[in-house]
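Bear in mind that the values in this text are calculations on the coordinates, not laboratory data. Note that the coordinates shown come from a computational prediction; the quantities given were computed from them, not determined experimentally. Positions of Cβ are backbone-derived with ideal geometry, glycine not excepted, and every protein chain shown enters the neighbour counts.
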Amino acid sequence: MLDAAAINETGAAAQLVNDYGMLQAEKAVDIAAHSHIIEFGLLAILLSFVQPYVFLNEKWKRRWVQVLLMGSGILPLFVWLELKLG
């Protein structure tokens, strides 16, 4: 990048800067996807503490478990796809 800028190849230098920016964006998305997985795990732990105090029938408890499990996979997946699809 510095070599291209030193010999006045601004197009090549600009492309190298953009490539570096995309590398940083990819790292940030990977970190965000992992942190969302951890957040869903913590949410599940917290919900397990209050479950005895929630008076829903078994059908609705199972639905909430399914929503939580789907969300724990869908959110990190779409955070990861955000960089690919925009």
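Spin-label pair residue 34-residue 16: with each label point 7 Å from Cα along the Cα-Cβ axis, the two points sit 2.9 nm from one another. Relative to the dominant Cα principal axis of the chain, helix 10-50 is inclined by about 10°.
Once the Cα atoms are used to define both axes, helix 58-85 deviates from the longest principal axis of the chain by about 0 degrees. For the chain, the residue among 21, 34, 54 whose Cα projects farthest onto the positive side of the dipole built from Cβ charges is 54.
Within a straight-line Cα-Cα reach of under 14 Å, residue 27 can be paired with the following aspartates and glutamates, leaving aside sequence neighbours fewer than 8 residues apart in one chain: 19, 82.
Shape of the chain from the C-alpha gyration tensor: prolate (a/c of 1.5 or more and a/b above b/c, with a ≥ b ≥ c the square roots of its eigenvalues). The packing ranking of peptides 47-57, 7-17, highest mean first, is 7-17, 47-57, where packing means the average number of other beta carbon atoms within 10 angstrom of each residue.
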